[in-house]
Amino acid sequence: MNAIVALCHFCELHGPRTLFCTEVLHSPLPQGASSGDISGQNEQAEEEEGGIQMSSRIRSHSPAEGASADSSSPGPKKSDMCEGCRSLAGGHPGYVSHDKETSIKYVSHQHPNHPQLFSIVRQACVRSLSCEVCPGREGPIFFGDEQHGFVFSHTFFIKDSLARGFQRWYSIITIMMDRIYLINSWPFLLGKIRGIIDELQGKALKVFEAEQYGCPQRAQRMNTAFTPFLHQRNGNAARSLTSLTNDENLWACLHTSFAWLLKACGSRLTEKLLEGAPTEDTLVQMEKLADLKEESEGWDGSEEEEKPSSQPDAVEGQELSKCSPETSLMPDCNSWNVAHRRLSVFRSLRHMRQVLGASAFRMLAWHVLMGNQVIWKARDTDLVQSAFDVLRTMLPVGCVRIIPYSDQYEEAYRCNFLGLSPHVQIPSHILSSEFAVLVEVRAATRSSLYPALFDEEQSLNKYEFVVTSGSPVAADRVGPTILNKIEAALTNQNLSVDVVDQCLVCLKEEWMNKVKVLFKFTKVDSRPKEDTQKLLSILGAAEEDNVKLLKFWMTGLSKTYKSHLMSTVRSPTSSESRN
């Protein structure tokens, strides 16, 4: 996360001051940084805090060799600082933590090294302890602008027996240029920063109570009521935060807390880049998911007075098994598919082509793309489901209607992928129809039917696949263009299975765009036949098979897209523009 976390203090002598800040570096340390340890400090074992490698080795990070800032340093001069304004002692090099996961460095010191960052932090410090304060002067507040960044500030008091009113004013600020991200992180930052503040206040309260018990300051001040107050503030009146909390390791602990805060706040929210409009498959999946939610809400809201018998339960379970594969790509309906994926026999289209053979696969793929009914008869339900999972990748989601396994034949209007048990009788007019293809899985006569398969795939050696249709596809038939491109990708052994899958996605998107143009041209604008033929020629889809494919794929368009086109046509502005 590109942000800076800083601890600020309102000094009674010098006004608002930055005490300690932690920033994120995505590149090597700035010029002047060295890897030397603090003199006199031994190397200790490294520790890890939430993926951040914390080391007791303190690396130098100061433009002016420590805190003795020279004239070129953006920080205040030594003469303008008191004990209450200074965090790290003179010559202290600062703190660095390394995130091994992201190779990011978290650097802590009193002031940022970069002059522009120093100015931004300085302005945020002044505003957090002067004008940008919540009621009661203690609590969180948000302010900022595009030029100087946006700030989450939490002001608080620390007990001090020598301060005016027995307390000093501090703030912890988080500066970021991304306003939306900072606002979304408000609950997280508030809880974690509040925890840091409570720990500081708890330590300071113990010191305050001990000092008050040994030498009560209230009675002493009452005895010297007429002495000017400013005259009393000498010696140790301006005290450092380490003195107020009696913690010599305070700044190392704050560095650890601030570094973890930056890492955790940057990891809890992620951004996704969406390029272009959602695809038709995405829209169809969203619509199916919405329909399922409405249906489930209807089931939850309905109260049945009579307990259903066992027979309706069986029917209901059968219907659920039929609708599950239709929505297997959706997150809430993926359990059935995931449970059987481990047992799947067909791994990919290329694998299926090797098993069935080139001619049988081409016939099967042609019927799939044309929208004809694909029937698989087999005893092994896992085999049938794996075949459907592979074949459905050639079609848009909206064109897929699956009944994975049934004990009776289902009409083509209900499903275009149908799994049947071997004893189911298929009507004769379906077997002879040119709009259906049947794949029968039989027991193989010998174990070496498919030499192309690997040895570990013994399950396929048991089967023989017979593909028949009332309208076999001739070998010399050109076929739809997309089928030829799919076969070219499958036969190219230089392309991996993942690359072939991406080719399928691109091909489907290309032809779905042609479907959208044709739908708009014919259904919405109602153009004549001659114009439609010209359009098909321009789209490169004038052949008979391509036209059939476009008409079938038109049924897979999302309701969102269709309703958007129809509403655009009915609006008065669109009709005026067409005229």
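Extension gain, F166 to R268: 0.36 nm times the residue separation minus the Cα-Cα distance gives 32.8 nm. Straightening the chain between E410 and A444 buys 9.5 nm, computed as 0.36 nm per residue apart minus the Cα-Cα spacing. Ranked by the mean number of other Cβ atoms within 10 Å of their residues, highest first, the peptides 526-533, 4-11 fall in the order 4-11, 526-533. Taken one residue at a time, the phi angles of region 413-430 give Karplus couplings (6.51, -1.76, 1.60, θ = phi - 60°) of 6, 8, 7, 10, 10, 9, x, 10, 6, x, 7, 6, 8, 9, x, 5, 5, 6 Hz. Gly and Pro are set to x. In region 498-570, taking the dipole from charged Cβ atoms about the Cα centre, the farthest positive-side position among V505, L536, S526 is held by S526. If the cut-off is a Cα-Cα distance under 22 Å, which lysines reach K100, setting aside same-chain residues fewer than 8 apart in sequence? Candidates past the 8-residue exclusion: K263. Rolling a 1.4 Å probe over the protein chains gives W260 an accessible area of about 90 Å².
The order of the peptides 123-129, 497-503, 378-384 by mean Cβ neighbours within 10 Å, most packed first, is 123-129, 378-384, 497-503.
A simple spin-label model places pseudo-atoms 7 Å from Cα toward Cβ; at L190 and K293 they are separated by 2.7 nm. Between T279 and I180, the FRET efficiency from the beta-carbon distance, with R0 = 30 Å, is close to 0.70. Solvent-accessible surface of region 397-448, averaged per residue with a 1.4 angstrom probe and all protein chains in place: 51 square angstrom. Computing FRET efficiency as 1/(1 + (r/R0)^6) for D525 and I430, where r is the C-beta to C-beta distance and R0 is 51 Å, gives about 0.85. The H on the amide N of L19, modeled in the peptide plane, is under 5 Å from the matching H of L7, C8, H9, each at least 5 residues off or on a different chain. Given R0 = 22 Å, the distance between the Cβ atoms of Q533 and N484 translates into a calculated FRET efficiency of 0.50. Summarising the label geometry, the points placed 7 Å from Cα in the beta-carbon direction at T468 and N2 lie 6.8 nm from one another.
The values are calculated or read from the model by the stated rules, or taken from the named source; none is laboratory data. Bear in mind the structure is a predicted one, so any value in this text is a computation, not a measurement. We place every Cβ from the backbone using ideal geometry, glycine too, and count neighbours over all the protein chains shown. Keep in mind that these areas ignore ligands, DNA and RNA; they rest on the heavy atoms of the full protein, side chains included. Shrake-Rupley method; radii C 1.70, N 1.55, O 1.52, S 1.80 Å.
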